[in-house]
1. Kindly indicate whether residue 389 is in a helix (DSSP H, G or I) and surrounded by fewer than 23 Cβ atoms within 10 Å (Cβ to Cβ).
2. Exactly one of (1) over 30 Å from residue 322 (Cβ atoms); (2) crowded, with 19+ Cβ neighbours inside 10 Å is unmet by residue 472. Its number?
3. Inside segment 165-209, can you point out the residues that are touching a Leu at 6+ places or on another chain (Cβ under 8 Å) and of a type in the set (Asp, Glu)?
4. Within segment 178-204, how many residues are of a type in the set (Lys, Arg) and crowded, with 24+ Cβ neighbours inside 10 Å?
5. Listed residues 409, 429; which is buried (at least 21 other Cβ atoms within 10 Å of the Cβ), hydrophobic (A, V, I, L, M, F, W, C), farther than 24 Å from residue 237 by Cα and in the same structural domain as residue 356 (by TED's automatic domain parsing)?
6. Does residue 438 qualify as being surrounded by 15 or more Cβ atoms within 10 Å (Cβ to Cβ), of a type outside the set (Gly, Ala, Ser) and outside any helix (DSSP H, G or I)?
7. Which ranges mark the helices (runs of 4 or more DSSP H) fully within segment 273-354 that have 1 or more residues being more than 27 Å from the chain's Cα centre (by Cα) and surrounded by 15 or more Cβ atoms within 10 Å (Cβ to Cβ)?
8. Kindly check whether there is at least one residue in segment 142-153 that is part of a helix (DSSP H, G or I), at pLDDT 90 or above and either basic (Lys, Arg) or within 19 Å of residue 78 (Cβ to Cβ) (or both).
Amino acid sequence: MSVFGKGLARVCAVVAAPSAREFRRLVKAALRETPTVELRLDWLANDRERGAALAWLKRFAPKNAVFLATCRRRVGGGEFTGGPEEELLWLRKAKEAGCIWCDLEIETLQEFPGKTVPRRELPPRVMLSIHDFRRTPKLPDRLKLIARDKVDAAKVAAMSRTLSDATRLLRLARGTERVVVVPMGEVGLAARILALREGSALLYAPVASATAPGQVNLREIKELYRAHQLTHRTRVYGVIGNPISHSLSPLLHNTGYVAARKDAVFLPFLVEDLRDFLKAIPELGVSGFSVTIPFKQKIFDYLDECEPLAEEIGAVNTVTVRRNGKLAGSNTDYVGILRALDGGLKIKGSRIAIYGAGGAARATAFALAKAGAEVLVCARRETAAKALARAVRGGVLKRASLRREKFDAIVNTTPVGMYPHEDATPLTAAELNCNLLMDLIYRPLNTKLLRMASARGVRTISGLEMFLAQGIAQWELWMGTSAPEAAMRKAILHSLKSEERRQE
């Protein structure tokens with residue numbers, strides 16, 4: 001068992017606030033979610049606020065809570081501007097206020113006489129930490145810091161530039177109960193969520209805003225990813241892409257797993273090198289993954305098998321990892337586009353313009369062509385537009401033709417206008433000469449393009465419908481059972497509408 005206990009106790013809430021008042025609020029919020037809390041004393045604005053915060057903690061501290069005090073100096077990547085003796089002073093005051101643990105960075109240790117930990121002045125248990133915010137350094141198979149420096153636990157937090165970096169960090173935690181590993185940065189986010197499963201003594205999660213790159217807030221760690229419940233029996237799925245932070249696929253799939261009581265988790269993977277991700281699949285235990293921009297066509301080079309329809313489309317958005325490690329590709333975007341347009345348009349005989357020529361455009365074009373529509377492709381890359389049009393026996397449109405011609409529908413398949421660049425639009429209002437406009441972007445729910453179309457009296461369909469349909473098809477392919485569609489739809493709609501309200 002970890003030195004911090006088991007289950008939820010290993011999820012450590014991070015309280016980082018500039019004022020004692022905000023500190024109090026966040027501590028109370030943290031304890032509603034987990035009994036283990038790190039207090040970032042270095043984030044408090046000055047000594048007066050630090051003193052007030054610890055004075056309150058001494059009066060308040062509940063018996064079952066485990067507080068870990070940190071007063072990290074600038075030299076160790078923190079906010080505290082004082083020297084090692086001043087840091088030691090505040091950790092001593094934290095001990096008096098009831099903190100059982102403290103985090104002492106290795107830079108401070110190296111400035112003490114004899115480079116030894118002054119145990120008498122610190123809380124009963126000491127964690128020695130190493131932070132590297134630039135890269136993941138060369139690491140030994142086992143940390144010797146614990147025995148050498150006579151501390152109770154060691155932490156290594158390092159920036160993951162690749163998934164290989166992140167998996168190297170995870171290996172440090174295996175077979176021990178006293179090591180905390182923190183793969184930092186968005187590339188390391190998925191590995192960070194899996195850290196407890198791999199043996200890390202703690203998983204840090206901020207109560208409010210992030211205090212380090214790639215952090216996921218406490219509520220999501222606990223409820224969306226259920227990080228404290230993951231084991232090596234848990235099936236791991238995910239979505240790969242670049243960018244990936246906008247994706248609501250983790251919310252969609254994880255909501256379904258919880259509702260259907262499936263022992264599975266769905267993670268976001270920011271991928272810069274496809275081979276780096278594929279190499280990490282066995283170590284992370286990935287059973288399948290969704291594929292988004294820019295890998296829907298590139299993934300073909302690494303597949304062992306592919307369903308005929310996806311092969312014909314020339315784009316894959318779903319990969320299943322077989323038990324023997326082989327990769328099988330398929331495409332559920334095809335299903336998504338047809339379900340999204342169902343009832344809104346009589347596809348057979350319709351004249352439909354597709355803007356874009358990437359992976360989503362290919363699935364859209366094949367779906368509509370097979371359903372009997374006349375497909376016309378307009379794209380910035382003329383060569384790609386011609387190739388797609390030829391593949392579906394459709395036509396190519398010059399951009400200027402959008403102003404002159406009339407269409408039953410226009411479908412935007414480009415990412416232009418997607419969060420966080422909501423003010424952008426791929427087409428102008430004068431180019432929306434159609435009865436129906438569909439934008440495959442689902443975040444934001446109501447894109448600028450959709451608003452422009454509505455202002456012209458054009459009927460609109462959000463990309464949400466396609467997103468839900470293709471994601472539910474993926475879920476059912478991997479789980480082998482019907483998806484809890486109502487719960488999944490409700491979660492996504494709630495998230496998107498909440499986001500809209502926050503931006504108003």
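1. Answer is yes for this residue.
2. Failing condition for residue 472: (1).
3. Once the filter is applied, which keeps residues that are touching a Leu at 6+ places or on another chain (Cβ under 8 Å) and of a type in the set (Asp, Glu), segment 165-209 yields 186, 198.
4. Start the filter on segment 178-204 by keeping residues that are of a type in the set (Lys, Arg), which leaves 178, 192, 197.
From the residues that got through so far, the ones that are crowded, with 24+ Cβ neighbours inside 10 Å too are 192.
So the count comes out to 1.
5. 409
6. Numbers: surrounded by 15 or more Cβ atoms within 10 Å (Cβ to Cβ): yes; of a type outside the set (Gly, Ala, Ser): yes; outside any helix (DSSP H, G or I): yes.
The answer is yes for residue 438.
7. 308-313, 333-341
8. First pass over segment 142-153, keeping only residues part of a helix (DSSP H, G or I): 145-149.
Still in the list and also at pLDDT 90 or above: none.
No - not one qualifying residue is present in segment 142-153.
The values are calculated or read from the model by the stated rules, or taken from the named source; none is laboratory data. Because the structure is a prediction, the values reported are computed rather than measured. Virtual Cβ from ideal backbone geometry, glycine too; neighbours counted across all protein chains shown.
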